[in-house]
Amino acid sequence: MQLNLDERKVSLSVREFAEFRIGPTDSGIGRSGRRRAEIGQLWHREMQSQVLREQSRATFEAPIKGILKHKNWTIELQGRIDQLIDESEFVRVREIKSVNIVLPQNEEDLQTIYPSHFIQLAVYLKLAEKDPHRQNQSFVGELVFVDIADGVTQEVPLVRGSSVILNNQLERLSDFLEERWNSRKRLRNLDFQQPFPALREGQELTQQQLNYFLKKPGPILFEAPTGFGKTGMALEFALTHLREGLFDRVIYLTGKATGQWQAINHIKQMVAPAGSVQFYQMRNKTNHAIASPMHTCENGVNCRQDLEDRWERSGIYPPRLFDQGTVELEDIKTLGTQTGVCPFEISRTVLPFADIWVGDYNYVFSPRNRGVFYHQPGFDPSSTLLIVDEAHNLPSRVASAFSCQATQNVAEAVLRELRFAGCALPIVRAWKNYYRFLENLQPTERLDLNLEYELFDLLEALDNQLQGSRFDPVLISAQAWEEIWKISEMKGIIGNSAIEKLLWTPKKGTLYLTCLDASSEIAATLEDYSRVILMSATLSPIDFFLASCGLESGQSHHLKSETPWRDFAYNIAIDARVDTRFTLRDRYYAATAQTAVLMRENSSRPLAMFFPSYRYAENVGKYLEADRPDFRIVFQPRGLDLEEQANFLEEALASSDVLLLVMGSGFAESVDQLGGRITHAMVVGPALPEVNAIQKARMEDRSHLPRETAFRQVYQAPGMVKINQALGRLVRAPGQQAHILLHCRRFADSSYQELLDKDYRDPPVLRNDDSLRHWLESFSTDYSPPADR
């Protein structure tokens, strides 16, 4: 759908017009897959052959376009009519529709189940009548339904009511277009406060640079340290250009809920509660789940049951929900409780009426989840500003979206469910072949190419059966459905030659499909948007980030904000007395613990120690406890949610001597409580990824490069990005300082130092105990135990 609100004009395909609706559908977002479309095309060709045998004067896939006017809106439509059959008294306009229900059916039931098919035919009849090349011709319409399971057909003539059907759909569309028109008027009067009471040093120049790069094609890579105000500046940029009409919509993505809340709170502070901008945070299904007499979110099938009827009865009118600028999740869940409509479906339905969408990366970059955004009426990436926060995480998150696993145990459980549901023998047989393949897999770091080809053939055969057959979803569990849908996704990933991938089996009967590099998918997605801002505190090393997103240096603009207040905020040294490599680190556990004691004794606040793994932290922690039993040593717990993480850190900062944290975790990257409250920290080793089948495969795939270059891309750069991110959290505002000891001799190597942020480069190298003591004495503060001791 292409909107031109200034001219009150919309351009769309006939099918898009016919399928347009505000509100959820029983079938949900289409996951029927390419194979289902291929089956439909096969039946189209078969029906063409039948017509040619009976009637020579026929045209197939006949292009047609035209204009309809409704309520001061100009609606430009284009499409292809399946069959135009020139008979003696009239021209038959015929549409072929493959369906997955038993035929024949009552015609009124078919119109209830497939309203868009009847609307589509009504539009084609109208456009044919208005076609100047077909004057003085009479037209009749006919739908031919084909059951994909057995090929049974049913012809349904459109003998009456076509004008009513068409006018009702024109009313729906024009109502929506009027809302979008009102949105444009609202935004023209948008008034908002600046994100900061006063601009900090470097922010004014950044504002100017953002607007300068706006005039140039290509993504803007916005790099500024934690605490600089990137979120506020990006939102100010977005609101300004929404008001000017440069963008119709803004999408703000970040990988963690804390970042989404921060963005929402910034918007609330910048605009009046009932202001002229409407915004919405899209949460996941788990956040929306309710349990009530009217509806309980038990599984995907339950949430979609009688959904259209529930929606029609609910009386929910999405635009009215934005009376305070946004809609809170609790209000959505209350509506679900009262009406019986799944809250997630309500959220999805309010999205078209929001000017700013805030959500997770998956809603744009994951093939499984992106339909939540991309299938919204009126959504057009080419008129949308895309802001990606914490963009250093984007390559790994997108790679995860193109990765999956399968096990023989789960496949066997699904096989039992398919048999219980009475599925057709070809489906059961194809799934059994897939299960047997998984059952016979032996551990290997890379699947043999012949086995990969065999797997693809099995998946294709199984997908063909699943897409072309019919079975009762009520008899199959939600978990089994997920595995069934995964078949098409696995086939798509394996067949995607642009994705660098690894198929491997860590243990018998378990298959991992791991995406090693999703840069081509990222680049293709970014290209669709009007403008893109990728922002983070740690985009550098910029060449590594560009390559991981499939971008060329000449195709983007690197904006690195100046922050003079950080020039003397970090006091960093390299401790070359120890070697933290995996095979050597146990020799230095005692030295690491003794160094931590010295650091803590020279500080009035807790010491933070960043480790590459939990096991490493636990081993050093034992030496610390033995050396200083009076110290309160706190280990980072596993598996805490965001609120529990925040509570843990608050308590640890108030009552501990040493915090043992793991780099790359939520504590090291996302929780901001450390800024200004930790003044001393140790980074224990460069945090390189562990050597495993995945990293070995990445090295093998870079065998054409010098080994040093490949090692830098696969191991060094990812590890040092984690360190830069962790250290950036320690200084968030002018006046804060941090004394950091990089505890490993590898940090003295130039290949590691050049990957550090410029604020951390060229530190002194401490090669003996005396130099360490001298460095500590240069900034020593009196030891202060925790307040409650």
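Miscellaneous remarks
- Region 129-228, relative contact order in percent, only Cα pairs under 8 angstrom and at least six apart counted: 12
- For Asn72 and Asp331, a Förster radius of 45 Å and the Cβ-Cβ distance give a FRET efficiency of 0.85, rounded to the nearest 0.05.
- Label-point separation, Ser382 to Gln207 (7 Å along Cα→Cβ), nm: 3.3
- Shown in residue order for region 308-317 are the 3J(HN,Hα) couplings computed by the Karplus curve 6.51 cos²θ - 1.76 cosθ + 1.60 at θ = phi - 60°: 5, 5, 4, 5, 4, 6, 5, x, 6, 10 Hz (x for Gly and Pro).
- Label sites at Ile113 and Glu439, each approximated as a point 7 angstrom past Cα along Cα to Cβ, lie 3.6 nm apart.
- Cross-link partners of Lys696 among lysines (Cα-Cα below 19 Å; sequence separation of 8 or more within a chain): Lys501, Lys507
- Counting only Cα atoms, the size of region 190-230 along its three principal axes is 32, 29, 14 Å, in decreasing order.
- Rolling a 1.4 angstrom probe over the chain with all protein chains present gives an accessible area of which 47% lies on carbon and sulfur atoms.
- Inter-centroid distance (Cα atoms) of region 748-777 relative to region 473-543, Å: 39
- Across the chain, Cα pairs under 8 Å and at least six residues apart give a relative contact order of 13 percent.
- Gained length - Asp567 relative to Lys215, 0.36 nm times residue gap less alpha-carbon distance: 123.6 nm
- Each Cα pair under 8 Å and six or more residues apart adds its sequence gap; the mean of these over the residue count of region 215-318 is a relative contact order of 13 percent.
- At q = 0.11 Å⁻¹, base-10 log of I(q)/I(0) for region 81-162 (Debye sum, equal scatterers on each alpha carbon): -0.30
- Taking each residue as 0.36 nm, the span from Asn450 to Lys65 lengthens on full extension beyond its C-alpha to C-alpha distance by 133.7 nm.
- Stretching the chain fully between His774 and Glu412 yields a gain of 123.8 nm (0.36 nm per residue, less the alpha carbon separation).
- Using a Förster distance of 41 Å, the FRET efficiency for Leu705-Asp762 (Cβ separation, nearest 0.05): 0.90
- Heavy-atom accessible area, probed at 1.4 angstrom with all protein chains present, ranks Val765, Val93 as Val765, Val93, highest first.
- Calculated log₁₀ intensity ratio I(q)/I(0) where the Debye formula runs over C-alpha points of region 653-739, q = 0.13, 0.19 Å⁻¹: -0.53, -0.86
- Note on region 506-567: Cα convex hull, mean projected area over all directions, 7.1 nm².
- FRET efficiency, Asp579 to Asn265 (Cβ-Cβ, R0 51 Å, nearest 0.05): 0.70
- Region 289-351 and region 81-128: distance between their alpha carbon centers, rounded to Å: 33
- Taking every DSSP beta bridge that has both ends in the chain, the antiparallel portion is near 35%.
- Rg/Rg_globular for region 147-237, with Rg_globular taken as 2.2 N^0.38 Å and Rg from C-alpha atoms: 2.11
- Accessible surface comparison of His70, His558, His743, probe 1.4 Å, protein chains only, largest first: the order is His558, His70, His743.
- Shape category assigned to region 473-536 from the gyration tensor of Cα positions, a/c cut at 1.5: oblate
- When Kirkwood radius over Cα pairs in Å is computed from the coordinates, the matching label among (1) 28.1; (2) 29.9; (3) 34.3 is (2).
- Unsatisfied cross-links (Cα-Cα over 18 Å) in the set Lys230/Lys560; Lys215/Lys758; Lys560/Lys758; Lys256/Lys285: Lys215/Lys758
- Modelled label positions at Arg53 and Asp627, each set 7 Å beyond Cα in the direction of Cβ, lie 8.7 nm from each other.
- The chain, accessible area per residue, ligands and nucleic acids excluded (1.4 Å, Å²): 44
- Debye intensity ratio I(q)/I(0), log10, region 524-681, q values 0.09, 0.12, 0.13, 0.18 Å⁻¹ (C-alpha model): -0.42, -0.70, -0.79, -1.17
- The listed residues Trp43, Trp481, Trp73, once ranked by accessible area (1.4 Å probe) with the largest placed first, stand as Trp43, Trp481, Trp73.
The values are calculated or read from the model by the stated rules, or taken from the named source; none is laboratory data. This structure is a prediction, so every number in the text was calculated from the model and none was measured. All Cβ positions, glycine included, derive from the backbone under ideal geometry; neighbour counts span all protein chains shown. Note: accessible area is taken over every heavy atom of the protein model, side chains too, but ligands, DNA and RNA are not part of it. Shrake-Rupley method; radii C 1.70, N 1.55, O 1.52, S 1.80 Å.
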